[in-house]
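So the structure is just underneath, and the comments pick up after that.
The values are calculated or read from the model by the stated rules, or taken from the named source; none is laboratory data. Keep in mind that what you see is a predicted model, and the values were worked out from it rather than measured. All Cβ positions, even for glycine, are placed from backbone atoms using ideal geometry, and neighbour counts span all protein chains on display.
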Amino acid sequence: MSGHRALAKLREAKLRLQRRVAFTYEPAARDCRSCPAPAPCCTDVHFVNVHITWLEARAIEEKLAELPEETRQAVRLRARAAVETYQLSDEGDTYARSYSCPLYVAGTGCLVHQGGAKPAPCIHHACYDDPRDGPPDSLQLALEAEIEALNREATLELNPPAAALNAEHEPCRWRPLPLWLADSAQLDAQDLPGLGQGRPQAAPRVEEELTDRPLPQVERAELGDLILEPHHRR
């Protein structure tokens, strides 16, 4: 699978989940705009431990490329500061370490909220008075399985960077987000077929449904055999 196609499929999968969560579950969530502590989830150094794969990091870099150079450099500096301050690395239990997300900007919000680059745990998360009102963990796990498959398919014909390899030497390693963004040399376009030659395939315009229309006040959806489980951090 070409790099363009893999990134397009990744965006499609993330936007599909983002739309489902927004319309089915988030009407029951607290409104982030009324939170007494602005962006506590995104910048809470005791909470955030989001991990992403190599292909997701590429998608984030593609999204950041749409922003001014000054903004991109600021993200890079925040990522490097997070790595140093919170001692992020690939050693030991990486999920035991948390950090403040370098993609959050006060007054703006998440720099990759739209366009299919937002990490899966961030799509899945919101604050619910009753955790049973939130999306089931199975939705996030299904997306993460799809992400791993796309990482494998996108790198069948090339040597991925060493940082992308997991213990089984497969190119689907989950790393703390700042580790990828702190060093863009790990994500050079030549590492992924189809990148660096024109613009990537555009994602479907479902994000309009997330931003331009008010969320309907829907009842809790019937989801067949999906079991609603308490939300947990990843």
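Tabulated values for the structure
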{"quantity": "Selection within region 102-111 - surrounded by fewer than 16 Cβ atoms within 10 Å (Cβ to Cβ) and among the hydroxyl-bearing types (S, T, Y)", "calculated": "T108"}
{"quantity": "Where a residue in region 102-125 is touching a residue at least 60 places away in the same chain (Cβ under 8 Å) and its partner, wherever it lies, is surrounded by fewer than 20 Cβ atoms within 10 Å (Cβ to Cβ) and part of a loop (DSSP other than H, G, I, E, B), with Cβ under 6 Å and at least six apart", "calculated": "Y104/A39; P121/R234"}
{"quantity": "Verdict on E56 being at negative phi and within 14 Å of the chain's Cα centre (by Cα)", "calculated": "yes"}
{"quantity": "Near pairs, Cβ below 6 angstrom, 6+ apart or cross-chain, from region 68-93 (surrounded by 12 or more Cβ atoms within 10 Å (Cβ to Cβ)) to any residue that is of a type in the set (G, A, S)", "calculated": "A79/A182; R80/A182; V83/A182"}
{"quantity": "Some residue of region 88-96 being part of a helix (DSSP H, G or I) and either among the acidic types (D, E) or over 18 Å from the mean Cα position of the chain (by Cα) (or both)", "calculated": "yes"}
{"quantity": "Residue match in region 39-52 (condition: surrounded by fewer than 20 Cβ atoms within 10 Å (Cβ to Cβ), touching a His at 6+ places or on another chain (Cβ under 7 Å), part of a helix (DSSP H, G or I) and at negative phi)", "calculated": "yes"}
{"quantity": "Scan of region 53-67 for residues that are buried (at least 19 other Cβ atoms within 10 Å of the Cβ) and assigned to a loop (DSSP other than H, G, I, E, B), ordered by number", "calculated": "T53"}
{"quantity": "Per-region count, region 130-167, residues at pLDDT below 90 and either of a type in the set (F, W, Y) or part of a loop (DSSP other than H, G, I, E, B) (or both)", "calculated": "10"}
{"quantity": "Test for Y99: is it touching a Pro at 6+ places or on another chain (Cβ under 9 Å), surrounded by fewer than 21 Cβ atoms within 10 Å (Cβ to Cβ) and not basic (K, R)", "calculated": "no"}
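Table: residues versus (1) in contact with a Phe, Trp or Tyr (Cβ under 8 Å, 6 or more places away or on another chain); (2) of a type outside the set (V, I, T).
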position	(1), (2)
A6	no, yes
E12	no, yes
R20	no, yes
R30	yes, yes
I52	yes, no
L88	yes, yes
A106	no, yes
L111	yes, yes
Q114	no, yes
